[in-house]
Structures are given as C-alpha cells and as structure tokens.
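Shown next, in structure tokens, is the structure this report addresses.
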Amino acid sequence: MDVKDIIKPENLVYEKTKVLTKTTMHYCPGCSHGVAHRLIAEVIDNLDIQDKAIAVAPVGCSVFAYNYIDIDWQEAAHGRAPAVATGIARTNPDKVVMCYQGDGDLASIGTAEIMHACNRGEDIVVIFINNGIYGMTGGQMAPTTLVGQVTSTTPCGRDTALNGYPLKITELIAQLPGTSYVTRQAVHTPAAIRKTRKAITKAYENAMAKKGTAFVEIVSTCNMGWKMPPVEANAWMEENMFPFYPLGDMKNSEKGAVEECYKQN
C-alpha cells in the first residue's frame, strides 16, 4: 500500500479502548476526570494488563470510576485508598494496583496513609487529581487551595493567617525513599495529554517492575466549583495553578539505589 493511501481519512481509525465501558460519564462538562480516565484505560490496554489491574477509589468525584474503567475495583473509606491498596498488592503480588484520588481525599484526611505507603515503597500506582478544591461537596477550600483563591468556605480568598498555606504534597512525596517515580502533569491540551499518557505508562511500568511507589499528580480544573466556563477555567489554571504547581518530573530513580544510600548512611 502506498503511503498516500495509508493516510487517507478512511484508513485512519481511532478507536475507543476496550478498557473503557460504554457507560456515559457523569462528570461536569470540562471536568478533567474524563480525560484522566481515558488515559488510564489506554495505558492498561496498551500494556495488556486488563486482567491484572486492580484499582481503589475512595470518596470524591472519582468514586464512581468503576463504572467507566473495566477492571477490578475496590472502594475505600475517605483517604484510606493507599492502605487498602497496600493490602491488595501484598496479598496479590502478581497484580498491578492503582489508587485514584482527589486532593480533598489524598492531601487532607488521607495524608497519613499516602505518606506512609510511599515511604514504605509499596509497589502501587497513585493517580492524584489536584483541582485545588472540594469539588463533590460544594466547592469548599482544600489543602491545595491557592492563597487568595475564593471557595465556598473562603469567600474572601484563602488567608494564610487563618487557613495556613497550600500543601505541595507531591514535592513532599518526592523526598521519600520508597518512591521511584514522581511527576506532575496536566490534561488541558493535546500536548499535555500526550505527556500525561507517557507519565502514567511509566508509573505502571515501575509498579510492574516492583521499583516502589509511582506517583502521578494531574493538575486539573473544577469549572463548576470555580464558577467558571471550561475554557475560562483552563486559562485560570494555566495562569494561577501552574506557577505554584509547576509541571514536570520531580523524581525518576530506582528504589534499590535509594535503599542502598540509606544503608550506607
């Protein structure tokens, strides 16, 4: 077949991955969860691990993720996904386990669980959706809410004297010896989506190779909670979220090398 024939529209097929179900997603228009779901499903499909993949979803907008990604799922109490994932991964070492958590879940009530799971180097994937707000329960301030950001519980903006500072939990996690790969990405443009797909692929490959915890933060929008149209929300995210939560890899190492360093010291 000639190259010109290959690139004809009728020969270009972009099919939905079989790992996504046919269920219509319930997320608000413009929400980043849907894109993140698709990327996870595509990575699982590309790595041919659908029968080995297990995921844990706690409380939040993502709690119904089991309706959309066709793998085995376990629900967990608010913030406890890493603890549940630890049990699943240790009792099923042949499986690949993922936590899918929002910032109100992972960076607030679940801080202890995620920090200690990462410090132990559990061989799991963590997908962390950070939209700087409690999106499911009314748009309240989250640990990741920016200074000055207006929410339903900070109508005059987050005040550090009253509310403290935003928590850069991904930077903290990158310092832990049990993490092998820590990155922060986004899904607001085609280029960003490609980078995030690559990051999620690496995270799964690390977990499969038993290199330690792989952590992927996805800076996201919550246009309903932010009270903005989707396009405006994306622009606000670029202007305000990215300077404080810069995108890119923070850690890319072998857990064994880190462990050896600790032994020497």
TODO: Quickly run through the range 102-124 and pick out the residues that are within 12 Å of residue 217 (Cβ to Cβ) and touching a strand residue (DSSP E or B) at 6+ places or on another chain (Cβ under 6 Å).
DONE: 102, 103, 106
Open item on the list: Condition first: modelled with pLDDT under 95, hydroxyl-bearing (Ser, Thr, Tyr) and under 19 Å from residue 44 (Cβ atoms). Can you find one or more residues in the range 64-78 that meet it?
Closed with: yes
Task: Pair list, Cβ under 8 Å, 6 or more apart: the range 41-56 residue without any contact (Cβ under 8 Å) to a residue 40 or more places away in the chain and outside any strand (DSSP E or B), other residue surrounded by fewer than 22 Cβ atoms within 10 Å (Cβ to Cβ) and of a type in the set (S, T, N, Q) - done: 41/17; 45/17
- [ ] Residue by residue through the range 237-254, note down the ones that are touching a residue at least 12 places away in the same chain (Cβ under 8 Å) and over 30 Å from residue 209 (Cα atoms).
- [x] 237, 238, 240, 241, 242, 244
Task: Check on residue 105, in contact (Cβ under 8 Å) with a residue 40 or more places away in the chain, in contact with a Pro (Cβ under 6 Å, 6 or more places away or on another chain) and closer than 27 Å to residue 47 by Cβ - done: yes
Open item on the list: Taking the criterion of being out of contact with any Asp or Glu (no Cβ under 9 Å at 6 or more places or on another chain), in a loop (DSSP other than H, G, I, E, B) and surrounded by fewer than 21 Cβ atoms within 10 Å (Cβ to Cβ), would at least one residue in the range 63-70 satisfy it?
Closed with: yes
Open item on the list: When you check residue 179 against the structure, is it in contact with a Lys or Arg (Cβ under 7 Å, 6 or more places away or on another chain) and either closer than 17 Å to residue 123 by Cα or of a type in the set (Phe, Trp, Tyr) (or both), yes or no?
Closed with: yes
TODO: Considering only residues that are touching a residue at least 24 places away in the same chain (Cβ under 8 Å) and within 18 Å of residue 233 (Cβ to Cβ), look in the range 190-211 and name the one that is surrounded by the most Cβ atoms within 10 Å (Cβ to Cβ).
DONE: 196
Task: Long-range neighbours under 6 Å by Cβ, at least six apart or interchain, first residue closer than 8 Å to residue 103 by Cα within the range 133-148, second among the polar types (S, T, N, Q) and part of a loop (DSSP other than H, G, I, E, B) - done: 133/151
Open item on the list: Would you confirm whether or not the range 257-264 contains a residue that is within 23 Å of residue 99 (Cβ to Cβ) and at pLDDT 95 or above?
Closed with: no
Task: Contacts under 9 angstrom Cβ, first residue in the range 13-31 being in a strand (DSSP E or B), partner β-branched (Val, Ile, Thr), 6 or more apart - done: 20/69
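The values are calculated or read from the model by the stated rules, or taken from the named source; none is laboratory data. Source: prediction; values computed, not measured. All Cβ positions, even for glycine, are placed from backbone atoms using ideal geometry, and neighbour counts span all protein chains on display.
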